[in-house]
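Written below as C-alpha cells is the structure these notes are about.
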2 protein chains.
Amino acid sequence: MAPPTDADALLTAARAGDRGTLARLISLVERGGAAAHEVGRTAHLQGGQAYTIGVTGAPGAGKSTLTSALVRHLRADGDRVAVLAVDPSSPFTGGAILGDRVRMGDHALDEGVYIRSMATRGHLGGLALATPEAVRVLDAAGFPWVVIETVGVGQVEVEIAGAADTTVVVVNPGWGDAVQANKAGLMEIADVFVINKADRPGAAETRRDLEGMLALSSGAGGDGSWRPPVVATVAVDGQGADDLWAEIRRHRAHLESSGALARRRADRLGDEVRRILTARLLERATAATGGARFADLCGDVAARRLDPWSAADELLAGS
Amino acid sequence: MAPPTDADALLTAARAGDRGTLARLISLVERGGAAAHEVGRTAHLQGGQAYTIGVTGAPGAGKSTLTSALVRHLRADGDRVAVLAVDPSSPFTGGAILGDRVRMGDHALDEGVYIRSMATRGHLGGLALATPEAVRVLDAAGFPWVVIETVGVGQVEVEIAGAADTTVVVVNPGWGDAVQANKAGLMEIADVFVINKADRPGAAETRRDLEGMLALSSGAGGDGSWRPPVVATVAVDGQGADDLWAEIRRHRAHLESSGALARRRADRLGDEVRRILTARLLERATAATGGARFADLCGDVAARRLDPWSAADELLAGS
C-alpha cells in the first residue's frame, strides 16, 4: 500500500513555492497507485490555467537548446515556467540525456524555472503514463507555462508532445532519414515547424520539402484554419528564437480566438475518461470471469477449438 | 455493410493455390468490419502450422535484402513462404517502399512465394491492426513460413515484429543514432541480431556494443535460456545469409524443445482475447451510458467541477 498523503496540503505547499514538495508530488505520480490517483484528482480540480508547449524531434535536433531559449523569453516576460523532459528510459542513452540536462543548466539557479526529467519506463506498452499527471501537478502548482520536451520521434513521444496546446516539431536540414518512419505522425501533430541548424547545407530543400507536405495536409487543427509556419533557427547562436516565440504566441492567440483551445482540451479530457472507463471495465471483467475460466477458454483458443472473438463473447456472457 | 462472404470457401481456394483469392482475403481483413471478422475466425480455426519470422530495423538497414536471402534459403528447402511487408502509410515514403519491392522482385515469378505490402494506416493509434489477421490468413492458406518485415523502429513496428516466433533485428555499423529512441525496445524483442553492411567501418564496435547490452539483459525469452546471437552480414553480396538462417533454425529448435514456442503462442492469444474483451466492454459501456450522459460528464470534467476518474465511475454506476 502507498503511504497516506494529503494531496491538497501538498499542492498548496507546492503552489506557495516549496520545490521539494513539488518534486515529491511528481515522484508520487510517477510511482502510480492510490497516492498518485489522489494527487491527480485533486490537481485536476485545481488546475486548468497552464498553457502547454510540446517540443519534439529526433535526438540531436537541438530541442533542449530551443527549449532553453523559450524559457528565456518567458522569464523575460516575468512568467514562471516548468519544463518536463520526457526521456526514453533505456540505460543506454544516459550520455545524451546528461548532455541535455547540462545545456538546460543555464536556468538551474532561477527560482522561476522548474526542470524535471521523466522516464518513459522500461518496456513496450509502458508509455509515459505519468506525464499527463505530472503536467496536472505543475498546472495546479501555479505554473502558467509548461514545456514538455520529448526525446525522439517514436509513436509514444509523438503522442505525448502532440497532446500539448502548441506542438513544436524540430527538424534539421536533411531530416528525412532520422524521422522517415514517423513523418506522417509528425506532420499530424505539428503546430509550428522549426528547421534548426538552418546554417547547414540543405536547409532550403528541407523548407521546400516541409512546405510541400504542409500544402497536402490539412494541418494539425484538422480544420484547415491554421497552416503550421516553418521557422528557421540556429539555436546555439540564439538565431530565430524570437521568431519561434512569436509563432507560438500567434498560435495561442489563434486557438483562443477561434475557440479551438477549449475544444481541443475538452476532447483530450473526453479521451482520458474513455481510457479510464476501459481500464475499469477490464478490471471488472477480469474479476468477474475469474482466472480459471479465462485460462480454460484461452487453452481452447490455443488448441484452435475456439477463436478469440468467441472466447471473448463467452467471457462476457458469464460476467 | 460488408458484402456477404463465404470465408471457408475462400480459404479453401487460397489453400489450393488461388493467389487472386488469397489477395482478396487479405484485402478483406485490411478493410475490417464483419467480413474481416468472419475471415479471421475461420482462419484461426484452420491455422496454427505456420512459423513466423519478424524482421525489423531502421529504414535502409537492409531488411528487404536479408528477407530476400531468407526466402531463397526456404525455397532451396522446397518450402513455400509468404512475406508481409508492413509499411508506414505516409504518402511521403513512397520512394523507399517502391525500392524495397523492386529488390524483392527476385521472387516475383516464383509460385511458391507470396509477397504482400500492408500499410499501417494514416493516423496515430491506427496501428497495423490487420497484420495479425493477415498472418492468420496466410497460415490457414497453408504457408509453413511467414516473414513479417516492418519498416522502422518505432513502437508499432517493434510490437508487430516482436510478435513473431523468431524476431530478427537488423542494425548497421554506427547504428546508435538511427534507433536511439527505441534501443531498449529492440533489445527486448530481438531473438537474433544482424549487423548488416558489416564491411563498413565501426562493425567491430557495434558488435562490442550489442554484446555488452546483451550481457546486461535477460534476453527476449525473459528467462535467460536464450542469449541472442549476433550475426555479421553483407546482404547485397549474400555474405552471412547462411549464418543468419542457421541461427533462425537454431532458435526455432530451442523454442520447440524447451516448450517456449507453445507457451509464447498461448500468451499472445491470451493477450488478444483480453484486447477483444476490452473493446467489447467499451462498446457495451458506450451504448449503455448513452452519448448525452457521457457528454454532460465530460463537460463537468472540462469545467474542473469533476475529475476524470469520478466521471468514469459515474458512467460505470449508470451502465
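The values are calculated or read from the model by the stated rules, or taken from the named source; none is laboratory data. All of these numbers come straight from a predicted model, not from anything done at the bench. Don't worry about glycine lacking a Cβ; one is built from the backbone with ideal geometry, like all the others, and counts go over all protein chains shown. Each accessible area value is taken on the protein alone, full model and side chains, heavy atoms only, with ligands, DNA and RNA left out. Shrake-Rupley method; radii C 1.70, N 1.55, O 1.52, S 1.80 Å.
Assorted remarks:
- Within the set B:ALA141, B:ALA164, the sole residue that is within 17 Å of the chain's Cα centre (by Cα) and at pLDDT 85 or above turns out to be B:ALA164.
- Within segment B:44-60, being facing chain A (nearest Cβ under 9 Å), within 19 Å of the chain's Cα centre (by Cα) and of a type in the set (A, V, I, L, M, F, W, C) holds for one residue alone: B:ALA58.
- Residues in segment A:272-294 include at least one that is open to solvent by less than 60 Å² (accessible area, probe 1.4 Å) and in contact (Cβ under 8 Å) with a residue 40 or more places away in the chain.
- Condition broken by B:ARG304, with the remaining ones in (1) on the phi < 0 side of the Ramachandran plot; (2) within 13 Å of chain A (Cβ to nearest Cβ); (3) not hydroxyl-bearing (Ser, Thr, Tyr) satisfied: (1)
- Residue ID - farthest from A:ALA7 (Cα to Cα), chosen from residues in segment A:144-159 that are more than 11 Å from every other protein chain (Cβ to nearest Cβ) and within 11 Å of the chain's Cα centre (by Cα): A:GLU149
- Of the set (1) away from chain A (no Cβ under 12 Å); (2) open to solvent by 10 Å² or more (accessible area, probe 1.4 Å); (3) at pLDDT 65 or above, all apply to B:VAL83 but (2).
- Any hit, segment A:258-270, residues being over 21 Å from the mean Cα position of the chain (by Cα) and open to solvent by 20 Å² or more (accessible area, probe 1.4 Å): yes
- Across segment A:41-48, a minimum of one residue is classified as outside any loop (DSSP other than H, G, I, E, B), small (Gly, Ala, Ser) and crowded, with 23+ Cβ neighbours inside 10 Å.
- Screening segment A:178-216 for residues that are touching a strand residue (DSSP E or B) at 6+ places or on another chain (Cβ under 6 Å) and closer than 19 Å to A:ASP165 by Cα and picking the one that is modelled with the lowest pLDDT gives A:LEU186.
- Among the criteria (1) in a helix (DSSP H, G or I); (2) closer than 15 Å to B:ILE115 by Cβ, the one B:ILE53 does not fulfil is (1).
- In the set (1) modelled with pLDDT of 95 or more; (2) surrounded by fewer than 18 Cβ atoms within 10 Å (Cβ to Cβ); (3) of a type outside the set (A, V, I, L, M), A:GLY125 fails one condition alone, (1).
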